[in-house]
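To start, the structure under review is shown below, and the notes come after it.
The values are calculated or read from the model by the stated rules, or taken from the named source; none is laboratory data. The shown structure was predicted, so the numbers you read here are calculated from the model rather than taken from an experiment. Every residue, glycine as well, gets a Cβ built from its backbone with ideal geometry; the counts of neighbours run over all protein chains shown. Heavy atoms of the whole protein, side chains included, go into the accessibility calculation; ligands, DNA and RNA do not. Shrake-Rupley method; radii C 1.70, N 1.55, O 1.52, S 1.80 Å.
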Protein chains: 6
Amino acid sequence: MPEVYVHAVRGRTAEQKRALIKDITDAVVRHFGVPADAVLVEIMESDPANKAKGGVPLSERRS
Amino acid sequence: MPEVYVHAVRGRTAEQKRALIKDITDAVVRHFGVPADAVLVEIMESDPANKAKGGVPLSERRS
Amino acid sequence: MPEVYVHAVRGRTAEQKRALIKDITDAVVRHFGVPADAVLVEIMESDPANKAKGGVPLSERRS
Amino acid sequence: MPEVYVHAVRGRTAEQKRALIKDITDAVVRHFGVPADAVLVEIMESDPANKAKGGVPLSERRS
Amino acid sequence: MPEVYVHAVRGRTAEQKRALIKDITDAVVRHFGVPADAVLVEIMESDPANKAKGGVPLSERRS
Amino acid sequence: MPEVYVHAVRGRTAEQKRALIKDITDAVVRHFGVPADAVLVEIMESDPANKAKGGVPLSERRS
């Protein structure tokens, strides 16, 4: 504990995910005063057709 | 914000998911008074073997 | 099933929450073809100090 | 209701998952006094590269 | 790991919650082959006005 | 997007939570290449009687 869940659209590299996990873990250790081994981080990836902002799935948005 | 997460078993079409996302977004805008672009909706699909009601996985239920 | 979780900051009235729950339930019934009694909706309210966009808690944001 | 979500790394057999779902359902019925059909259990599986303890993804940990 | 989240309406006693936590933990140990200390269980309680089945908040349902 | 949910036991100060939110947001911006305003962080606090490791609620654990 604590447990951190990151909801993100699929498409990041293993390296990006590893770096994010590392920095989030360090932030929890630093500010909440727990040992690193107590910190759980999970990245929950979704399909762009399953996630939407403003009512439009990301798979159909143009930037 | 707000963020809406819909847990559903895999198997709906893109059209069904798009329509649900649209109507949920509209409902949040209408009743919670936020702009559409602030509303996030994510459909979290699961395998029928991983979800159960009454202790029996959906993959094994008969209707 | 399905189950719908709405994460929102505290502060809406019972009437607003009741209306949102009703419309989300109807949308799931309409688009996913399930009976209303199978649809679960939960509003998960948070303290404005516990939620942030852009790294700043809502309790400290100015509009 | 209640709804139970189990976050676990991919890799268990259908038999293991079925047995866990059954026992969790029975425990909720026994202690919370609800009928079995009201209990929902979902196992949310993740990729070992997406889950970490101590800042290191499970895909890279040695035991 | 694994992490188990139980969504339930407020109103169970500490004894009921302790017993449920114990039995869920034992079930995960037994079927998923992990040590008890690796298992996290969290009960997420909600207000009956914030949870609904069939579109009607539990605070307004008659049995 | 992304959305980050931190499950933690109640008891941290506003300052600790603000600092954690800030550093997690920065980490997501840095590694996932999104603008800060797209990042949502929510700290979901729980009662020590509702959270357990090894089958024993935190409210009853001795260190």
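Please compute how much accessible surface disappears when B pairs with C, both sides summed, using a 1.4 Å probe, and round it to the nearest 100 Å².
Details: alone 5000 and 5000 Å², together 7660 Å².
What B and C bury together is about 2300 Å².
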>> In whole Hz and in residue order, list the ³J(HN,Hα) couplings for segment A:19-26 that follow from phi through the Karplus curve 6.51 cos²θ - 1.76 cosθ + 1.60, θ = phi - 60°; x for Gly and Pro.
In response: 5, 5, 4, 4, 6, 5, 4, 4
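Mean separation of Cα pairs under 8 Å and 6+ residues apart, divided by the residue count of segment B:3-51: what relative contact order is that in percent? Numbers along the way, then the final one.
Working: 47 pairs, mean separation 30.1, N = 49.
Relative CO of segment B:3-51 lands at 61 percent.
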>> With only alpha-carbon atoms in the gyration tensor, what are the semi-axes of the equivalent ellipsoid for segment D:3-53, in Å, largest first?
In response: 25, 12, 8
> So for chain E, taking the charge dipole from beta-carbon charges (+1 Lys/Arg, -1 Asp/Glu), which of E:VAL29, E:LEU58, E:VAL39 sits furthest toward the positive end?
Replying inline: E:LEU58
> How far apart, in nm, are the 7 Å Cα→Cβ label points at E:THR13 and B:ARG10?
Replying inline: 4.4 nm
> Past the 20 Å Cα-Cα mark, which pairs from C:LYS51/F:LYS17; A:LYS22/F:LYS22; E:LYS22/F:LYS17; C:LYS17/E:LYS53?
Replying inline: E:LYS22/F:LYS17
>> Taking each pair of distinct Cα atoms in the protein assembly as shown once, what is the resulting Kirkwood hydrodynamic radius in Å?
In response: 20.9 Å
> If you place +1 on the Cβ of every Lys and Arg, -1 on the Cβ of every Asp and Glu, and leave all else neutral, what size is the dipole of segment A:3-52 about its Cα centre, to the nearest 20 Debye?
Replying inline: 160 debye
>> Under 5 Å between amide hydrogens, which residues at least 5 positions from E:SER46 or on another chain qualify, with H placed 1.01 Å from N in the peptide plane?
In response: E:ALA8, E:VAL9, E:ARG10
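For peptide C:8-19, how many partner chain Cβ atoms fall within 10 Å of a residue's Cβ, on average?
If you average over the peptide's residues, the count of other-chain Cβ atoms is 4.
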